[in-house]
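The values are calculated or read from the model by the stated rules, or taken from the named source; none is laboratory data. The shown structure was predicted, so the numbers you read here are calculated from the model rather than taken from an experiment. Cβ placement follows ideal geometry from the backbone for every residue including glycine, while neighbour counts extend to all protein chains displayed. To get the accessible areas, we keep the full protein, side chains included, count just its heavy atoms, and leave off ligands, DNA and RNA. Shrake-Rupley method; radii C 1.70, N 1.55, O 1.52, S 1.80 Å.
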Number of protein chains: 2
Amino acid sequence: MATIKDIARVAGVSLATVSRVINNGPKVGDETRARIKEIMKEMGYRPNANARALVNQNSTSIGVVIADLSDPFFATLAHGVEKVARQQNIQVLMSSGSIEAETEFKAIETLLEHRCKAMVVHSKALDDQTLIDFASQVPGFILINRYIEAIADKCVWVDNVTGGRLMAEHLVSLGHKKLVMVASKHQIDDPLARLDGIRQYLKQNNIELAENAIEYSTPDQEGGEIAMQNLLAKGIEFTAVLAYNDAMASGAMSMLQDHNLRVPEDISIIGYDDVLLARYCRPKLTTIKYPIELMATRAAELALSFNAQNAETKASTTYKYTPTLIKRDSVSKL
Amino acid sequence: MATIKDIARVAGVSLATVSRVINNGPKVGDETRARIKEIMKEMGYRPNANARALVNQNSTSIGVVIADLSDPFFATLAHGVEKVARQQNIQVLMSSGSIEAETEFKAIETLLEHRCKAMVVHSKALDDQTLIDFASQVPGFILINRYIEAIADKCVWVDNVTGGRLMAEHLVSLGHKKLVMVASKHQIDDPLARLDGIRQYLKQNNIELAENAIEYSTPDQEGGEIAMQNLLAKGIEFTAVLAYNDAMASGAMSMLQDHNLRVPEDISIIGYDDVLLARYCRPKLTTIKYPIELMATRAAELALSFNAQNAETKASTTYKYTPTLIKRDSVSKL
DNA sequence: TTGTACGCGTTATCAA
DNA sequence: TTGATAACGCGTACAA
């Protein structure tokens, strides 16, 4: 592959001149510039991004750390980042971390080796301090979907407690009092916060959500099916279901329908996230919108803004997003 | 950030020695090695991937070019690549191309600037020759979901004609004769090939699929809804629907149900791809499995295998995959 | 076993 | 307007 040196030799000029042409620098004779450009085209010259990054100390790439690309939620997140990266002519370095401390750590580490100055990381397994340390090493380190006090100005997160409250509120406002929940068995903050919001609201309204009315399982469709099956097996009476997320809701819904229970006529159900399938499934899922793409976009812009000299230091702002209720067809008035 | 030079200075040894330690090279005294490792840890040393790539002429990364990460199909593809990359400790560079010639071209070009020696590209807009040219420049250039004779040994593709035939065959074998299709309006090979397979089979069995029984729209859920709406509006009689893909099938199904037509009791419908939603939607979609993750995995392995010296040149083999029928609940016997 | 010195492709500084 | 030349961080013959 032709290098700047080859071009210079063929053109009979120095490296410096070619470099100026490449970077549209000033102080180059018009005809020289034209001739060099011509030669570059002919020889199929392509600047070497690695060499550039080396000398410039700034990489033209943004790193993304997520758990699993095959999960629609993360795919959407990645897509948001990718979108703004493309606009700014920036490369995306993708690392999956699978919600295990070790892999998450390694994913960030690898990005660091590539001298990423900007990264959007979704980490659940790493502890606060580790993340704070990383943040201090990377100018454009942005944490998405997590809040850490000490680096609040680098966190783009969603208020899951409010989200949980919203779910409960909607069901209760329609007269539902006998509730069950298909919950995530992961002991991380998202499930905890949502459940917290739900409980807060119910308590205020004197409605009970007994511990045995909650079934914990994996946060996917299968988990939803299993959890619902268990709930049904226990013979608990209920008119509405709170699901940890849309996938579980969908699974639970299938299971209900398999037992000849109609949604929403017999049983109402509400999801969380508003991923694609919420609109695909039948009936369309009433759910809580988690504005993840918007957040990812914001996170990427934020991360990249630190690359620019103007090291935007509005430590004052915090990037908290609030989920909203999306009414569709899976919940009905009692 | 500490460099190899800093380590050498602190340790009181030469650069070469440190370099040897880093690369687990031989010929280093045990205690020297231990001491240097200690210092590296203390100083938080991290090798500079850019510098390495520069001197080694081989980047430790694999490029991926796809249309749109938010599309489950592409997300799954990307996931497949990412999986094998992680196993081999390789970074993934992601570029979206949005099925436009210019962006696809630019995406590949950018990857080239990063000196990617391996890449998995999904391109529909670029012409054969351009792709062939790229393939000759990149040792590990693998085309996924497309077949070009001249670089057959670099193509990992699926036999969409057989896929199309499978769809038609399944419906016909259950007695369906009045068929309609919700098709993709994109004039690229996938839709064409599938339609081709369908037509071949129907012709052999003397069943007609009139041009006005086909509605073309965007290959997503909304497109499926619109296409079905048009079909319904035209008052065409039919007992079964062929959909370009699962998303369109899902949209069409919604529209049918909105018109009080039951699936599969009144109308049967068959999709294509077998993405997640095929199992999520209700009734579960009978569809054609497009083994995209498997293919992506294979493509990535292939691409990466060229990085190794043993430039595996089995130009004989071609990587053709055959789709299979997945029976679920959206098709019934007439 | 350890060190010296050069090169990888670019950019940037300073002269000319 | 152009050209030498020194970095950037690392790997590696070759020498010691």
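Quick notes on this one:
- Virtual spin-label span in nm between B:S14 and A:L15, 7 Å along Cα→Cβ: 2.4 nm
- Span from the the range A:147-205 Cα centroid across to the the range B:107-148 one, whole angstrom: 46 Å
- When only the Cβ of Lys, Arg, Asp and Glu is charged (+1, +1, -1, -1), the dipole of the protein assembly as shown relative to its Cα centre reaches about 1280 debye.
- Crossing angle, helix A:246-258 versus chain A [Cα axis fit, 0-90 degrees, rounded to tens]: 40 degrees
- Which of B:W157, B:V92, B:L143, positive extreme of dipole for the range B:91-188 (C-beta unit charges): B:W157
- Evaluated on the range B:201-334, the Kirkwood hydrodynamic radius is 16.7 Å, with distances taken between all distinct Cα atoms.
- Annotation: aspartates and glutamates with alpha-carbon distance below 13 angstrom to A:K41 (same-chain offsets under eight excluded): A:D6.
- Relative contact order (%) - criterion: Cα under 8 Å, at least six apart; region: chain A: 17 percent
- With all protein chains kept in place, the per residue accessible area of the range A:160-290 amounts to 39 square angstrom at a probe of 1.4 angstrom.
- Listed residues B:Q57, B:V81, B:L112: farthest to the positive end of the dipole of the range B:22-158 (Cβ charges): B:Q57
- Fraction of alpha-carbon pairs over 18 Å apart in the range A:1-47 - percent: 12 percent
- Degrees between helix B:72-87 axis and first principal axis of chain B (Cα, 0 to 90, nearest 10): 30 degrees
- Relative to the longest principal axis of the Cα atoms of chain B, the long axis of helix B:160-173 makes an angle of roughly 30 degrees.
- Shortest-first distances to equivalent copies, position B:D133, nm, label 7 Å out along Cβ: 4.9
- At 0.890 mPa s and 25 °C, Stokes D of the range B:40-85 from Kirkwood alpha-carbon radius, µm² per second: 185 µm²/s
- Convex hull (Cα only) mean projected area of the range B:115-159, reported in nm² to one decimal: 3.0 nm²
- In the protein assembly as shown, the DSSP-assigned H stretches of four residues or longer account for a calculated mean residue ellipticity at 222 nm of -14000 deg cm²/dmol, using -39500 (n - 2.57) per stretch and the full residue count as denominator.
- Fluctuation leader among A:Q187, A:Q91, A:Q229 - chain A, Gaussian network, Cα springs under 10 angstrom: A:Q187
- Dipole magnitude of chain A, debye to nearest 20 (Cβ charges: Lys/Arg +1, Asp/Glu -1, about Cα centre): 1400 debye
- Shielding by partners - mean other protein chain Cβ count within 10 Å, residues of A:76-85: 4
- In the range A:100-136, the residues whose accessible area drops by at least 50 square angstrom when the other protein chains are added to the isolated chain are A:E113, A:H114, A:R115; the probe is 1.4 Å and only protein heavy atoms count.
- For chain B, the Cα-based Rg and Dmax, in that order, read 25.7, 86 Å.
- Between this copy and the others, label points of B:N56 are 2.3 nm apart in ascending order, each placed 7 angstrom from Cα in the Cβ direction.
- Springs join every pair of Cα atoms under 10 Å in this Gaussian network model of chain B, and among B:I36, B:I198, B:I108 the largest mean-square fluctuation is at B:I36.
- The charge dipole of the range B:160-290, taken about its Cα centre with unit charges on the Cβ atoms of Lys, Arg (+1), Asp and Glu (-1) only, comes to about 340 debye.
- Entry note, the range A:1-136: relative contact order of 23 percent, from Cα contacts under 8 Å with a spacing of 6+ residues.
- Difference of contour (0.36 nm per residue) and Cα-Cα distance, B:L261 to B:L325: 20.6 nm
- Only protein heavy atoms count here; on that basis, with a 1.4 Å probe, B:F73 has an accessible area of about 20 Å².
- Label-point spacing at B:T322 relative to the other copies reads 5.8 nm, in ascending order, each point sitting 7 Å out from Cα along Cα→Cβ.
- Options A:Y290, A:S330, A:Q257, ranked by Cα towards positive dipole end of the protein assembly as shown, top entry (Cβ charges): A:Y290
- Cubic angstrom per residue, convex hull over Cα atoms of the protein assembly as shown: 190 Å³
- Within chain A, longest stretch clear of exposed trypsin sites (Lys or Arg not before Pro) (DSSP loop, no more than 10 other Cβ within 10 Å): A:28-313
- Near-label residues of the range A:216-232 by backbone N, under 14 Å of a point 7 Å along Cα→Cβ of A:I188: A:218-220
- In this view, the solvent-accessible surface of B:Y321, computed with a 1.4 Å probe and all protein chains in place, comes to about 40 Å².
- Dividing the convex hull volume of the alpha carbon atoms of the range A:78-208 by its residue count gives 135 Å³ per residue.
- A probe of 1.4 angstrom, applied to the heavy atoms of all protein chains, finds B:E38 with accessible area near 100 square angstrom.
- The range A:149-254 - Rg over Rh from alpha carbon coordinates, Kirkwood radius: 1.00
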